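In what follows, a structure is listed as structure tokens, so that the remarks can point back to it.
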Amino acid sequence: MSVRNLIDLNQLSLEELDDIVDMACRISRHPSHYSSACRDKLMATLFYEPSTRTQMSFQSAMLRVGGKIIGFDNPNGTSIAKGESLKDTVTVLSGYTDILTIRHPLEGAAMAASLYSGVPVINAGDGGHLHPTQTLTDIVTLRNVVGHMDKLVIGMCGDLANGRTVHSLCRSMSRYGGNSFVFISTEKLAMPQYIKDYITEMGCEYTEVRTLEEAMPYLDVLYMTRIQRERFDSMEEYEAQKGIYVLDSKKMALGKTDLCVLHPLPRVDEIAYEVDDDPRAWYFKQTQYGMYGRMALITKMISEHGSSEPVRREGTPGFTCRNPKCITRFEPYLPHLTVDTPKGCVCGYCEHGVEAEAE
Ligand code: NCD
């Protein structure tokens, strides 16, 4: 693997990604062959935001490759409650361990953590931005269930505005030839423009529709998502959006016989329980593929990138990120990293536009 930290899955070449997926498939067939791949290695899980699957999937993955784990999932029980910065927490924990996984409510937090960590950092979700290991989970599942990653019509339904899983998945699936996307959402929860632009730049097509019914007959994959209550500014705005999309047996009847239904989970009400028994519902099996994907990823990152001093990055002073949910708004010591893109200069943490600071 060419990269030391995994912030965005697209940091990997398609060959590197395929290599990890291949390894995950081998692990799923012979897990015992890998049971001491990370013996004596220690992983810290820094979960600043609630999680069941991702946290336990990382933990069980590390234990199954023979490693050990420490971590927190309630920052109120740590020095963070006393006002400790992300930089200090990461600096200390990277001195104790061999790899860090971090989930944080602010966008760009994993990138920020990687600047101060002496060991590899994996992004386990940074606000509404990205969730690369969920996408790895989705890709391992597609490889096993559908058998190929190209020429697919991929439907995504629900909270496409705030769902980091669909943002990461669009980015990765548009790298494979001939895929097209159908976005099924309300106007308010539509896919962000920067993701749609990325899809177009990659030569893929997308359409946007308002109902599941009109999309169902055309889809090879349907990726359902929950409305992300915690990312709304008010309860009223959430209430206005919830319950609009529910996949039930009647809608499943409109789908292809080999449709593959995925969901990152947790489910709230967007898939009726009756769908669970449909052979096209793969979302529970998907969680298990995620564990194999993480076993492969952790093993590769630990074996190919040990601990070393963090690389200092010089920022370009004079810019502020326009995104109110960006980590740079809350951790003022962070260097102002910017990236030049065809669409202009964007924040090096969360990819939103930046503006020049007033003199
Ligand atoms: C997702 C997440 O945290 O973004 N869940 C997960 O990682 N399995 C999806 C969600 O919370 O809706």
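The values are calculated or read from the model by the stated rules, or taken from the named source; none is laboratory data. Since we're looking at a predicted model, the values are computed, not measured. Cβ placement follows ideal geometry from the backbone for every residue including glycine, while neighbour counts extend to all protein chains displayed. What goes into the accessible areas is simple: the full protein's heavy atoms, side chains included, and nothing from ligands, DNA or RNA. Shrake-Rupley method; radii C 1.70, N 1.55, O 1.52, S 1.80 Å.
Using a probe of 1.4 Å on the protein chains alone, the accessible area found for Asp18 is around 50 Å². Inter-part distance, the stretch 126-172 to the stretch 82-103, computed on C-alpha centroids, equals 28 Å. Residues whose amide H lies under 5 Å from that of Cys260, counting only those 5 or more places away or on a different chain, are Val221, Leu222; hydrogens are built 1.01 Å from N in the peptide plane.
Solvent-accessible area of Arg26, all protein chains in place: 100 Å² (probe radius 1.4 Å, heavy atoms, ligands and nucleic acids excluded).
Based on protein heavy atoms only, the chain ends up with 43 Å² per residue of surface accessible to a 1.4 Å probe.
Count neighbours as other Cβ atoms within 10 Å of each site's Cβ, and list the GluC sites (Glu not before Pro) in the stretch 1-101 that are DSSP loop with at most 15 such neighbours. Don't skip to the end; give the middle numbers.
Working: sites: Glu15, Glu16, Glu84; in loops: Glu84.
Sparse-neighbourhood loop GluC sites (Glu not before Pro): Glu84.
For the stretch 106-194, chymotrypsin sites (Phe, Trp or Tyr not before Pro) meeting the loop criterion (DSSP other than H, G, I, E, B) and having at most 11 other Cβ atoms within 10 Å: none. The lysine pair tally for the stretch 189-305, using Cα distances under 24 Å and a gap of 8 or more places or different chains, is 7.
Expressed as a rounded percentage, what relative contact order does the chain have, with Cα pairs under 8 Å and six or more residues apart? Show your work: numbers first, answer last.
Values: 710 pairs, mean separation 67.8, N = 359.
Averaging sequence separation for qualifying contacts and normalising by length gives 19 percent for the chain.
Only protein atoms count toward the accessible area here, which uses a 1.4 Å probe; on the stretch 287-359, the carbon and sulfur part of that area reaches 51 percent. Comparing Cα centroids, the stretch 287-312 and the stretch 45-60 end up 15 angstrom apart.
In terms of solvent-accessible area of protein heavy atoms at a 1.4 angstrom probe, what is the ranking of Cys345, Cys260, highest value first?
Values: Cys345 45, Cys260 0 Å².
Correct descending sequence by accessible area is Cys345, Cys260.
Determine the percent antiparallel among the DSSP beta bridges restricted to the chain, to the nearest 5. Numbers along the way, then the final one.
Details: 8 of 43 bridges.
For the chain, the DSSP antiparallel bridge percentage is about 20.
Dipole orientation for the stretch 132-281: of the candidates Pro279, Gly158, Leu247, Pro279 has the Cα lying most toward the positive pole (charges on Cβ; Lys, Arg +1; Asp, Glu -1). In this structure the amide hydrogen of Ile122, modeled in the peptide plane, comes within under 5 Å of the amide hydrogens of Leu6, Leu100, Thr101, Ile102, none closer than 5 places in sequence on its chain.
Taking each DSSP H run with n ≥ 4 as -39500 (n - 2.57) and averaging over every residue of the chain yields -9500 deg cm²/dmol at 222 nm. Annotation note: GluC sites (Glu not before Pro) in the stretch 283-351 located in DSSP loop regions with a Cβ neighbour count of at most 11 within 10 Å are Glu314. In order along the stretch 68-81, the phi-based Karplus estimate (6.51 cos²θ - 1.76 cosθ + 1.60, θ = phi - 60°) of 3J(HN,Hα) comes to 10, 9, 9, x, 9, 10, 9, x, 5, x, 10, 5, 4, 5 Hz; Gly and Pro are listed as x. Give me the percent of the accessible area of the stretch 172-280 that comes from carbon and sulfur atoms, probe 1.4 Å, all protein chains in place. Carbon and sulfur atoms account for 50 percent of the accessible area of the stretch 172-280.
In a fully extended conformation the segment linking Asp18 and Thr211 would gain 66.1 nm over its present Cα-Cα distance, using 0.36 nm per residue. Its Cα centre serving as origin, the stretch 132-281 has a Cβ charge dipole (Lys and Arg +1, Asp and Glu -1) of approximately 400 debye.
The calculated P(r) of the chain, using every Cα pair and 10 Å bins from 0, goes 5, 25, 34, 26, 10, 1, 0 in percent.
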